[in-house]
Amino acid sequence: SQICWELRTRGKFSGLANGAGVSEAYVTLATNDGYAIGALVLGHSLRSNNTTKDLCVMITPSVSVAIRSMLEGVFSKVVVVDVLDSGDSAHLSLMKRPELGVTFTKLHCWTLTDYSKCVFLDADMLCVQNPDELFSHSELTAVCDIGWPDCFNSGMFVFTPSHDTYTRLLQHAETSGSFDGGDQGLLNTFFTNWQRVSFVFNMVASATYTYLPAYKQYGGDAKLVHFLGSMKPWQHRYDRNSGSVDIPHGYHHLAPYLNSWWALYMKLVQPGVPDMEVKECLQ
Ligand code: UDP
Ligand code: MN
């Protein structure tokens, strides 16, 4: 059954998708306007670090029309994923495990078979240096999770779109489920032979990060910063007058990245966001 479709391919970057055999892309996901704002900043951060890859975002119909059209200006492909389609086998599994909603939405990235290889990125990530060398790796390549390093963190992974893999992932979800209730638990029991790349490709610099000397030694090499956890960049308070973010206790090592996130947001995203959406997203 067809459960997602390409909404539209247009905008100044669409030539990349249709042009001279470019078939590699970064893929992200947003099921609401808050995460869509995150996706916009992530997209701009990849562009400003001169990625040569295509950018694709998967959204659900709950993303507002105004934000969707902004996404179309940054991403060459906006794919609407309808998780409510009752003819969808993903949805049937979802009925048994409603908490896996977002997980199933992320799995749709395997259906993007217009691309030969992709890198999935969570919408709460920021590119600070060009990470394109990730595309020299194959499925499944990722970074160790800092909570249980035998697992990979599913905020970034190199994958190969394939309807067959997608179907087998759904079967795996139905038969084995996810040990953490999220996509990470599911993907880690499916891709047991994953390959590790450096932490700089998914640097989780949250309040739980406690190895400060290593951060001081290697943090400068970071290519993708991941704002993992319940407090997302768009939920922090930003002072327009001083042009800086209010940094909560315990978030100090994150300050440069939060300020970079907000600088990009204020310059390239905020001017296009209608007032109504700002209130909704940035509460
Ligand atoms: N996501 C989404 N809507 C949600 C929750 C998650 O679109 O309500 C997507 C988004 O791309 C997000 C990813 O799923 O970055 C994983 O969730 P999150 O980043 O919140 O998890 P964490 O990295 O904090 O474990
Ligand atoms: Mn995340």
query = Order of 161-169, 127-135 by packing, highest average Cβ count within 10 Å first?
reply = 127-135, 161-169
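Expressed as a whole percent, how much of the Cα-Cα distance distribution for the range 134-219 exceeds 22 Å?
Tail of the P(r) past 22 Å holds 31 percent of the pairs.
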ask   = Within a Cβ distance under 12 Å of Thr52, other residues only, what is the Lys/Arg minus Asp/Glu net charge?
value = -2
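Averaging sequence separations of C-alpha pairs under 8 Å and six or more residues apart, then dividing by the length of the range 172-279, give the relative contact order as a whole percent.
After rounding, I find 18 percent.
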message = I want to check the label-to-label distance for Trp148 and His249. Put each point 7 Å from Cα in the C-beta direction and report it in nm to one decimal.
response = 3.1
Given Lys232/Lys267; Lys216/Lys267; Lys117/Lys216, the pairs whose alpha carbons are separated by over 22 Å = Lys216/Lys267; Lys117/Lys216
request  = Mind giving me the nanometre distance, one decimal, between the label points for Asn130 and Asn50, set 7 Å out from Cα along Cα→Cβ?
outcome  = 0.5
query = If the chain between Gln217 and Ser162 were fully stretched, how many nm would it gain, using 0.36 nm times the residue separation less the Cα-Cα distance?
reply = 15.9 nm
request  = Just order 196-203, 29-36, 214-221 by mean Cβ neighbour count inside 10 Å, highest at the front, would you?
outcome  = 29-36, 196-203, 214-221
message = So if I take the centroid of the Cα atoms in the range 237-278 and the same for the range 54-79, what is the distance between those two points in Å?
response = 21
Built amide H within the under 5 Å cut-off of Asp180, gap 5+ = Gly185, Leu186
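Values quoted throughout were computed directly from the atomic coordinates according to the rules given, and no laboratory measurement underlies them. This one's a predicted model, so the numbers in the text were calculated from it and none came from an experiment. Here Cβ is always computed from backbone atoms with ideal geometry, including for glycine, and neighbour counts include all displayed protein chains.
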